[in-house]
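The structure appears right after this line, and notes come after that.
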Amino acid sequence: MVPRWSSGSGQARRREVDNRREESPKVADSTRTIGNLHEHRFPVGVLYGVTLLTCVGVAVTNFFIVWSTWYLFKLRLQMLEDVIASSHLAVSALPLAAYSAALAAVAAALVVWVSPMSAGGGLPEMKGYLNGTKIPGLFDKRAFLVRLFGTICVVGSGMPVGREGPTISLGCNIGLGAVKLLARPFARRWINMDVSDSGSLPALLVDEERLVYAKRIGCAMGGAAGIAVIFDAPIGGFLYMLEEVTVSAWVPELTLRAFICTAATCLFNRLLLNLCGQSVDSFLIFVHGYGDPQEWGWQDVPCIVFTAVALGYFSAVYTRALASMWSFRRRSATEGWLRSYQPWAKVVEASLCAGLCALAFFAVSLLVTCMDKHSELNELHFNCPEGQFNAVAYLLFNGPEEAIKLFYSPARLLSLRASDMIAVLLVYVCLNVGMMGLAVPMGSFIPNMFIGAVSGRLIGHLLNHLELPFGFAKPSVYALMGSAAMLGGSLRQTLSIVVFLTECINDMSLIPVLMVSVFVSNKVAKMVGERGLDEELIVRKGVRYLDAELPKELDTVQITAADLCLPLPASALLAPVSTVAAVRLALKECDSGTFPVLSAGRCLGLVTRKRLQTVVNAQFPAEKVASEELQMERRCTNGAGADEDDDLQVSEFIADLCRSGSTVATTSEDCGAKLALHRIMDKAPMTLLETMPVPRFHSLFTRTDINAVCVVSIHGDFVGLLTRSSLIDAVLRCEGHSSGDHAPAATTAPGGITDVEAGGTGHGLGSEPAVCIPSSRPAEWTAHEDCNITQLKARIAELEAALAAASVPQIAKRDEGVADSPSSSPAGAGPT
């Protein structure tokens, strides 16, 4: 956006900037004026083109997944019926297990050898990306194809997993692809125009920020469309993504576009199904509309609360079991005896687990009695005589989606005994927990709903068999309450769950009890476990994530920006015109992703490691960079700036400018050549005063795509850098996690998750010791290696005591730079 310099204050500020440039002749002769910047906005047609392209892409992708999995299920059931009819019942289980194992092996092979980041649902990584963390390989073309075909194979194999997690990730992938396809050409054109105008890149940073903003919107919009199209619930999908992104990071522009995108995606999906001669209800998780509203009375409220309490507690234990299984499988693959057999062991493991699930479902189906056929069901005879069918086999072999339809239906289509439901519940829970951590795409949303539906249906079944003078609601109502309680306790969401279930069953009379069930289970689950499943996996996977709420240890005015800023070695403080040797030394000795450019102790701007490496390589194209420098670059060139450098092809532009000799590099020989860093730096970095407390600037990192800010004194002198990573490290220490547990997955797990910026530890104020927040950085970067949370609390106590001992006038004098006389200070009082 073009600044308006016409106002009086704006003109005064402009004159001040010009005076500063005159004081620095090395920079003034080549710095472009800010008033000549172009107004960089994406055209309205591009924005709505991205929205429309995302809608069409998500709908077509979901249609392809639905039809493919339907065909695989049909083939599986037909094979099961044929084998049972032509051979002995015990032998017929082997072809079924082989069929499931083969599909799972295909999915695992795609993940292991093509895109390791596609394992699991991808929701923790997606939340990290929307939070500002760059995760290489998360949304590239290979990840899209692997998630697409891997999800089809896994769901078609009959494994007790869902497809909602990978579908949301596919929607995010499509949204990002639409932004890159339609918006990136405009960004490139702006860059070419700006370079040709003045031979510098001041407007480049505006383009980067705008494209980052557009990509975040595209990702969130695609994710909302992905979850909405599965349930045909546009409002539920919108609210689900709102709770995932959190309100603090939800930008106003996203509201309208996500609303349009979810509605249009559901409509287009219906159109595709209708053109193929199919009803949309045939391929939904639930059947819309069950006739008359399902009634409930006040006598049901205590029972619903009991169901919510029980399932809230169980969901917390279930979440912990899933997370523990993920950690166990990860340790087995990286540290255990299976390490020497990787990656083949992952493929074999997924294949064996799928075969085991098929055999377990087969065995449980043999333990139940047969029931009479129902005209509305496509029965599975299994081991039953003519005229009857096996209800448990129908539930387990048709997938959880079809089973949930029946559990939510008020009609008595399945007359299951309590023992049958208990057997189904135990087997499904055990197998689902055992699937966690496999190298295949999978989701946990639908399994949570299935477990809750079976549990709630069981409770409703038992209540309706009690001989009491009053009756209870139908078991279908309790099945719905059970699903709401499981989702609320495991995912820790509220409004989106209620809207999802209400949209799917088309019965608004159940909204009050649904809200009670979600609220109670959510509170009980939080009492048992602090985090939900996605949040727990964020910690265990090492995804760099900055929560919108500060821990109480940091929610104080006593800890300031200077206490958390990144200490830099002298070699990392670059001049506006630096030699190649100085830049190489800074890249080698400092692992920060951002470097300050200083003049006379003042920060003129920030430059990323990626751009510094680019100008060095362009100046000496024939030379090879040392291997340790390359490793440092891969570890630290991350975050929004580095990512968009790649997308906008900034490296090529900077390299051309360097080779021309007229823009970035000056003519000298060898490593004495000088680089005009002020041409490629961010000339308007975000700046904080060193005395600003953490609660004041914490939202700056959670609501925007800022990864590093300059910390300056009250006189404008440079104090240090405050990065997103250093703030995350501080939060982790206060929450009791070691940095190693939350370290970048590039070094701890397959997938290559990297932090946004390199972090650091404390920077002292005056003669006071630094508040040290340990991190995973090298030892020489740490002010005190043995700092821990106890020292942090002690530091807070010392500051509070000193503040209480000092008077307000003395503090005001100190802030104004007036030295206190010895008589005005209390005896023995130190700096406050």
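The values are calculated or read from the model by the stated rules, or taken from the named source; none is laboratory data. This structure is a prediction, so every number in the text was calculated from the model and none was measured. Every residue, glycine as well, gets a Cβ built from its backbone with ideal geometry; the counts of neighbours run over all protein chains shown. Areas reflect the complete protein model, heavy atoms only, side chains present, ligands, DNA and RNA absent. Shrake-Rupley method; radii C 1.70, N 1.55, O 1.52, S 1.80 Å.
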From the list 333, 350, 363, which residue is at pLDDT 90 or above, open to solvent by less than 60 Å² (accessible area, probe 1.4 Å) and hydrophobic (A, V, I, L, M, F, W, C)? 350
May I ask you to verify whether residue 500 is more than 24 Å from residue 530 (Cα to Cα), crowded, with 23+ Cβ neighbours inside 10 Å, out of contact with any His (no Cβ under 8 Å at 6 or more places or on another chain) and not polar (S, T, N, Q)? yes
Unique residue being touching a Gly at 6+ places or on another chain (Cβ under 7 Å), surrounded by 19 or more Cβ atoms within 10 Å (Cβ to Cβ), within 15 Å of residue 402 (Cα to Cα) and not hydroxyl-bearing (Ser, Thr, Tyr) when the list is 446, 451: 446
Check the stretch 559-575 and report whether any residue there is modelled with pLDDT under 85, under 28 Å from the mean Cα position of the chain (by Cα) and crowded, with 23+ Cβ neighbours inside 10 Å. yes
If I go through the stretch 94-109 residue by residue, how many of them are surrounded by fewer than 24 Cβ atoms within 10 Å (Cβ to Cβ) and either modelled with pLDDT of 90 or more or of a type in the set (A, V, I, L, M) (or both)? 10
Does residue 440 satisfy the condition of being open to solvent by 10 Å² or more (accessible area, probe 1.4 Å), among the aliphatic types (A, V, I, L, M) and under 24 Å from residue 321 (Cα atoms)? no
Answer from 315, 327 - the residue that is buried (at least 20 other Cβ atoms within 10 Å of the Cβ), modelled with pLDDT of 90 or more, part of a helix (DSSP H, G or I) and polar (S, T, N, Q): 315
Taking the stated definitions as given, is residue 543 of a type outside the set (D, E, K, R) and part of a helix (DSSP H, G or I)? no
Identify, please: which residue in the stretch 520-532 is touching a Ser or Thr at 6+ places or on another chain (Cβ under 7 Å) and modelled with pLDDT of 90 or more and is, among those, farthest from residue 301 (Cα to Cα)? 525
Suppose we filter the stretch 369-406 for residues that are open to solvent by 10 Å² or more (accessible area, probe 1.4 Å), at pLDDT 80 or above and over 19 Å from residue 69 (Cα atoms); how many remain? 1
Being under 23 Å from the mean Cα position of the chain (by Cα) and not hydroxyl-bearing (Ser, Thr, Tyr) narrows 584, 544, 602 down to just 544
Output the residues belonging to the stretch 692-702 that are surrounded by 16 or more Cβ atoms within 10 Å (Cβ to Cβ) and touching a residue at least 60 places away in the same chain (Cβ under 8 Å). 692, 693, 694, 697, 698, 701, 702
Which condition does residue 472 not pass, out of (1) open to solvent by less than 60 Å² (accessible area, probe 1.4 Å); (2) closer than 25 Å to residue 432 by Cα; (3) of a type outside the set (Asp, Glu); (4) touching a residue at least 60 places away in the same chain (Cβ under 8 Å), if it passes all the others? (2)
